[in-house]
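Only one structure is covered here, and it is reproduced in the block below.
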Amino acid sequence: MRVVSGIQPTGNLHLGNYLGAIRNWVRMQDEMPEEGDCLFFLADLHAISMPHDPAELRRATLEMAAALVACGIDPDRSILFNQAQVPAHAELQWLLNGTARMGWLNRMTQWKDKAGKNREGQSIALFAYPVLQAADVLLYQATHVPVGEDQKQHLELARDIAQKFNNDFASADAPVFTLPDPITPPDAARIMSLRDGMAKMSKSDPSEMARIELADDADTIMKKVKKAKTDPEALPSEAAGLAGRPEAANLVAIYAALAGKTADAVLAEYGGQGFGAFKPALGDLLIESFAPITGRFRALMDDREALDAILARGAARARELGGPTLDAAYRALGLVRGDTQ
Ligand code: TYM
């Protein structure tokens, strides 16, 4: 079993990242048998697909590493690194560019959303982004990729690329790449914005009120929850009654995910009550859940050298693990890799 996943170091880690992905990473790490590996990385190479400030990217990469450790990623048990320190990601992407099809990339909803009407003005990197994502997981023969709902399409593309590459360049009994399975949490795969129950909670939302961030203090969390958009109805007593009420459904889903309960169990307690009662309870639960993480995060941010050392160690291990697959991919394509053969 090989678990691989990444997060872009742009903006701060938010509740959607935490419930949709990071919490699952920690669970998988904690349950990983001796012979398996977990690799988690900061997708700093992906971050240059949009306009960015170099100094800010450097800062955000370290900060996201600290956030992951604070959430429970243990650098002694998981391999934690940033892509830029492992050149094989970019190299393998180039090799896969020969296999990926324009039509496949054109269908990616993230590309369509981010490019909007101005496709011609976007970077090549934004268009080819999912090919780098495929390289990220195929390089390590990932079997399981824990992600939120929004990344599933990219993982399906990674499978298509792997399959076509194997078909075109490898024999059936010795495939170069393993087909990875996306793993999404059953209950919190898509956390929505606090301002709009139809839009996903996202780092790129211009309104900070739309998301709860790991770095928020208790007052900010409570303020954001109290100002969250809702409707005037009381909460229903069963989850079925949340149909057509996206904002209410989202707040109940967040509560349920944090409390480790089903939405029905939450509504058995709060059904019939208004948001005046439910929101403070949700705010308290969020504050209580984030407090230990935030404390660890602040302490880690004070020791930049330790963070650098964690990432350097993880990158060295990742380079080692990815080497054989990169070699195999070069060889399959009829290329001889300069420094290794
Ligand atoms: P990113 O940085 O946008 O998000 C990191 C993880 O958080 C999940 N997520 C959410 N889950 C539930 N609700 C939300 N509102 C929400 N917002 C974000 C994402 O699904 C993701 O799992 N392209 C990726 C990073 C990446 C990657 C990879 C992931 C690069 N290479 C290889 C997996 C494997 C991204 O931008 O995620």
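The loop-placed trypsin sites (Lys or Arg not before Pro) in region 1-88, going by DSSP, that have at most 16 neighbouring Cβ atoms within 10 Å of their Cβ come out as Arg77. Karplus-derived 3J(HN,Hα) values for region 271-287, using 6.51 cos²θ - 1.76 cosθ + 1.60 with θ = phi - 60°, are x, x, 8, x, 6, x, 8, 6, 4, x, 5, 5, x, 4, 5, 5, 4 Hz; glycine and proline are entered as x. Excluding ligands, DNA and RNA, the accessible surface per residue across the chain is 45 Å² with a 1.4 Å probe. Taken over the chain, lysine pairs spaced eight or more positions apart, or on distinct chains, with alpha carbons under 15 Å apart number 9.
In debye, nearest 20, what is the charge dipole magnitude of the chain about its Cα centre with +1 on Lys and Arg Cβ and -1 on Asp and Glu Cβ, if you could check?
Numbers: 36 positive and 45 negative charges, 177 e Å.
It comes to approximately 840 debye.
Computed log10 I(q)/I(0) for the chain at 0.07, 0.08, 0.10, 0.16 Å⁻¹: -0.31, -0.41, -0.63, -1.41, from the Debye equation with unit scatterers placed on every C-alpha and solvent omitted.
So, with a 1.4 angstrom probe, what is the percent of accessible area on the chain that is carbon and sulfur?
On the way: 7950 of 15370 Å².
Carbon and sulfur: 52 percent of the exposed surface of the chain.
Rounded to the nearest 10 degrees, the angle from helix 124-138 to the longest Cα principal axis of the chain is 80 degrees. The distance linking region 155-181 with region 194-240 is 40 Å (Cα centroid to Cα centroid, whole angstrom).
At 222 nm, what value in deg cm²/dmol follows for the chain if DSSP H runs of at least 4 each add -39500 (n - 2.57) and the sum is divided by all its residues, to the nearest 500? Taking each H run of at least 4 residues, the total per residue is -16500 deg cm²/dmol. Counting only alpha carbon atoms, the long axis of helix 88-97 and the longest principal axis of the chain meet at about 80°. Across region 37-194, the relative contact order, built from alpha-carbon pairs under 8 Å that are at least six residues apart, equals 23 percent.
So if a site counts as exposed when it's one of the GluC sites (Glu not before Pro), its DSSP state isn't H, G, I, E or B, and it has at most 13 other Cβ atoms within 10 Å, what's the longest stretch of the chain without one? Before the final figure, lay out the partial values.
On the way: sites that count: Glu34, Glu35, Glu233, Glu238.
Answer - 36-232.
Relative to one another, the C-alpha centroids of region 262-336 and region 19-64 are positioned 7 Å apart. Please compute the net charge surrounding Ala263, taking Lys and Arg as +1 and Asp and Glu as -1 over other residues with Cβ under 10 Å from its Cβ. Its environment carries a net charge of -2. Sequence-distant contacts, meaning Cα pairs under 8 Å at least 6 residues apart, place the relative contact order of the chain at 23 percent.
The values are calculated or read from the model by the stated rules, or taken from the named source; none is laboratory data. It should be emphasised that the depicted structure is a prediction, and the values quoted were computed from it without experimental measurement. Neighbour counts run over all protein chains shown; Cβ positions are idealised from the backbone, glycine included. The area values use the complete protein model at the heavy-atom level, side chains included, leaving out ligands, DNA and RNA. Shrake-Rupley method; radii C 1.70, N 1.55, O 1.52, S 1.80 Å.
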